[in-house]
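> The following block contains the structure, expressed as C-alpha cells.
Please treat every number below as a calculation from the coordinates, not as lab data. Bear in mind that the values here come from a model prediction, so they are computed numbers and not experimental data. Cβ coordinates were reconstructed from backbone atoms using ideal geometry, including for glycine residues, and neighbour counts include every protein chain displayed.
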Amino acid sequence: MSRSSDKSGPRGEYFLDMQKALKAAGIATPTLVVDRNRLNANIDQLMQDLPDGMGYRIVAKSLPSLDLIGHVRARSGTDRLMTFNLPMLLALSQAMPEANQLIGKPLPAQAAKNYFEQMPVEQVDAARNIQWLVDTPQRLQEYAAIADAAGVDMAVNIELDVGLHRGGMEPGDALTGMLDQLRKSNRLSFAGFMGYEPHLSALPTALGWRDRAKNGAWDIYGAALQSAHGIFDEPTMQAVTRNAAGSPTYRLYKNTDIANEISVGSALVKPMDFDTELLSAFQPASFIATPVIKALDQTRMPGLEFADGARKMLDGNLEKTIFIYGGHWLAHPVDPPGLSYNSTFGRSSNQEMLNGGSEIAVAPDDFVFLRPTQSEAVFLQFGDIAVYDNGAIVDRWPVFPASA
C-alpha cells in the first residue's frame with residue numbers, strides 16, 4: 001500500500017459541497033480546482049507576514065495561468081513576476097507588459113535571442129521590464145553579444161550560490177569581473193542579485209544546523225553586495241533587486257538587511273510538498289477532482305485471487321475498490337478519507353485503482369479528490385482551472401501550454 005489520506009470514514013461537508021458544485025457545472029472529467037476563498041486567505045497571510053519594505057514577486061511557474069497570476073497581482077498589489085521559460089515569458093510580456101519579470105533560471109542564449117525576434121514590434125517595450133538571469137561569465141558574454149547584435153538594452157541579474165550548490169556565482173574575482181563588465185557596458189546594466197536557498201527549510205533546527213546554514217547563506221549574499229558596492233554608486237545600489245527565498249523559506253526573512261524582495265508561488269495554493277512547519281498558517285487551496293468510474297465491494301488481484309481473502313484480513317483498507325477517471329498524477333487522495341493506491345496492482349493513467357475500508361461511501365459518477373504534491377507541472381495537465389467559490393464553480397482559468 002502507498003501513501004493514503006486519513007483513516008476511512010464518512011465524507012466531509014467541504015468536499016461534498018465541492019462535488020455538488022462540479023456536478024452542477026456539468027464537469028465530468030479530471031479537473032484542477034482552485035478554492036478562491038482559500039487562495040485569497042493565503043495571499044493575505046503572505047502579505048501580512050512580510051516585514052516593512054519587503055517586496056513580493058509572484059512565481060509564475062507555480063501559478064501557471066494568466067488569470068490566476070492576474071488575481072494574485074490584484075489582491076497582493078505587486079507588479080513583480082518571476083518567469084521560467086520562453087513561452088511563459090512571451091505570454092506574460094504581451095499580457096502584462098508593465099510587470100517587471102525576473103527570469104527564474106538562466107535561459108540558453110538562443111532562447112533570449114528568440115525572445116527579441118518573436119516579440120511583436122509594438123510590444124517590445126516590455127523587454128525593458130525584464131531582468132535576465134546570468135550564472136556564469138560565459139553566459140554574460142553570450143547575452144552581451146545578443147544585446148549588441150539586436151541593438152537592445154538588457155538588464156542583468158546575477159544568480160548567487162548561497163548554499164544550494166545548483167550553480168551561480170560566489171564572491172570572488174570572477175563575480176567582481178562580471179560586475180565590472182556590466183558597469184562598462186553600453187547595452188547591459190546591473191539589475192541585482194538572486195540567491196535561492198530552499199535547502200534551509202529541509203535542515204533540522206536541532207544543534208543549530210538551520211541557523212548556521214542560514215547565516216552562511218546571508219554572509220555569501222552580503223559579500224556579493226559588498227563587491228557591488230565597490231563598483232557601482234549608491235543610487236544604483238539603492239535601486240537594484242536583492243531577490244531571495246521561496247515558499248519554503250520566505251518567513252525566515254524578518255527585515256530587508258539582505259533581501260529587499262521575496263518570491264512565493266506554491267504556498268498560495270499549497271500542494272502537499274509544502275506542508276511544512278513554516279507554512280502551517282496556509283490552507284490547501286488546490287485539488288484534483290476526478291470522477292469515479294467503478295466502485296466495487298471487494299478487491300481482487302489479477303492472477304492472485306487465491307490470496308485475496310488473506311490480504312483483506314491483514315489489511316482492512318482492501319475491503320473496497322474504486323477505479324477513477326485518469327490517474328498517475330503527482331498527487332495523493334484525500335477524499336473520501338482513507339483511500340490509497342494499490343502498489344500490487346500498480347499505477348495507471350487511464351483508470352487508477354484506489355482502495356479503501358468498509359466506511360468508504362462513493363458511487364460511480366461521484367468525485368474523488370486528490371491533493372497535488374506540486375503545482376508547476378500538475379496544474380498544466382487538466383486544461384482550464386475550475387474556480388470554486390462559496391459552493392459553486394464561478395469561473396474557468398486557462399493555463400499556460402506545458403513547457404519546461
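> Can you give me the angle between helix 109-118 and the longest principal axis of the chain, using Cα atoms only, in degrees from 0 to 90, rounded to the nearest 10?
Once rounded, the angle reads 90 degrees.
> Here's a follow-up. Along the Cα→Cβ direction, 7 angstrom out, place labels at Ala239 and Leu296. What is the inter-label distance in nm?
6.8
> Treat each spin label as a single point 7 Å out from the Cα along the C-beta direction, and report the Arg212 to Arg128 distance in nm.
4.9
> Can you tally the net charge around Ser263? Count Lys and Arg as +1, Asp and Glu as -1, for every other residue whose Cβ sits under 11 Å from the Cβ of Ser263. It would help to have the intermediate numbers written out before the result.
Values: positive: Arg57, Lys61, Arg80; negative: Glu261.
Local charge sum for Ser263: +2.
> Hey, what angle do you get for helix 137-150 against the long axis of the chain, alpha-carbon based, 0 to 90 degrees rounded to 10?
80
> For Val334, enumerate residues with amide H under 5 Å from its amide H, sequence gap 5+ or separate chain, H modeled in the peptide plane.
Close amide H contacts, sequence-distant or interchain: Phe369, Leu370, Arg371.
> Extension gain Asp44-Asn114, at 0.36 nm per residue separation less the Cα-Cα distance, in nm?
21.5 nm is the gain from fully extending Asp44 to Asn114.
> Related question: Counting Lys +1, Arg +1, Asp -1, Glu -1, what net charge surrounds Val292 among other residues with beta carbon under 9 Å of its beta carbon? Walk me through the intermediate numbers first.
Working: positive: Lys294; negative: Asp365, Asp366.
That works out to -1.
> Okay, next question. Of the peptides 119-126, 60-67, how do they stack up when ordered by the mean number of other Cβ atoms within 10 Å, highest first?
Numbers: 119-126: 12.4, 60-67: 23.5.
Most protected by this proxy first, the peptides run 60-67, 119-126.
> So if the hydrodynamic radius of segment 132-221 is defined as the Kirkwood radius over C-alpha pairs, what does Stokes-Einstein give as its diffusion coefficient at 37 °C and 0.692 mPa s, in µm² per second?
Working: Rh = 14.2 Å.
Result for D is 231 µm²/s.
> Pull up all non-local amide H partners of Asp366: gap of 5 or more, or a different chain, and H-to-H distance under 5 Å with H placed in the peptide plane.
Placed amide hydrogens put Val292 under 5 Å from Asp366.
> Given the options Met88, Pro271, Leu339, identify the residue whose Cα lies farthest towards the positive end of the charge dipole of the chain (+1 on Cβ of Lys, Arg; -1 on Cβ of Asp, Glu).
With unit charges placed on the Cβ atoms, the residue in question is Leu339.
> Using amide H atoms built in the peptide plane, which far-off residues or other-chain residues are under 5 Å from Gly55 H to H?
Glu261, Ile262
> A follow-up question, please. Under 12 Å from the Cβ of Pro204, count the other residues' Cβ atoms, weight Lys and Arg +1, Asp and Glu -1, and hand me the total.
The answer is 0.
> Can you work out the Karplus-derived ³J(HN,Hα) for every residue in segment 205-214? Use 6.51 cos²θ - 1.76 cosθ + 1.60 with θ = phi - 60°, whole Hz, and x for glycine or proline.
7, 4, 6, x, 4, 5, 4, 5, 5, 4
> Determine, from the Cβ-Cβ distance of Ala202 and Gln226 and an R0 of 25 Å, the FRET efficiency 1/(1 + (r/R0)^6), rounded to the nearest 0.05. Each step should come with its number before you reach the end.
On the way: r = 28 Å, r/R0 = 1.13.
Efficiency computed from Cβ-Cβ geometry: 0.30.
> Take peptides 324-330, 359-365 and line them up by average Cβ neighbours within 10 Å, highest first, as a rough protection proxy. Provide the component values of the computation, followed by the final result.
Working: 324-330: 19.0, 359-365: 15.1.
Highest to lowest by the protection proxy: 324-330, 359-365.
> May I ask which residue of Ser227, Gly104, Met54 lies farthest towards the positive end of the charge dipole of the chain, with charges of +1 (Lys, Arg) and -1 (Asp, Glu) on Cβ and the Cα centre as origin?
Working it through, the farthest residue towards the positive pole turns out to be Gly104.
> Putting +1 on Lys and Arg Cβ atoms and -1 on Asp and Glu Cβ atoms, find which of Tyr196, Ile322, Ile146 reaches farthest to the positive end of the dipole of the chain.
Toward the positive end, the furthest listed residue is Ile322.
> Could you state the orientation-averaged shadow area of the convex hull built on the Cα atoms of the chain, in nm² to one decimal?
One quarter of the hull surface, i.e. the mean projection, equals 22.4 nm².
> State to the nearest 20 debye the size of the charge dipole of the chain about its Cα centre, where the only charges are +1 on K and R beta carbons and -1 on D and E beta carbons.
500
> While we're on this one: What 222 nm value per residue comes from the helices of the chain, counting each DSSP H run with n ≥ 4 as -39,500 (n - 2.57) and dividing by all residues, nearest 500 deg cm²/dmol?
Values: 11 runs with 121 residues, N = 404.
My calculation for the chain gives -9000 deg cm²/dmol from helical runs alone.
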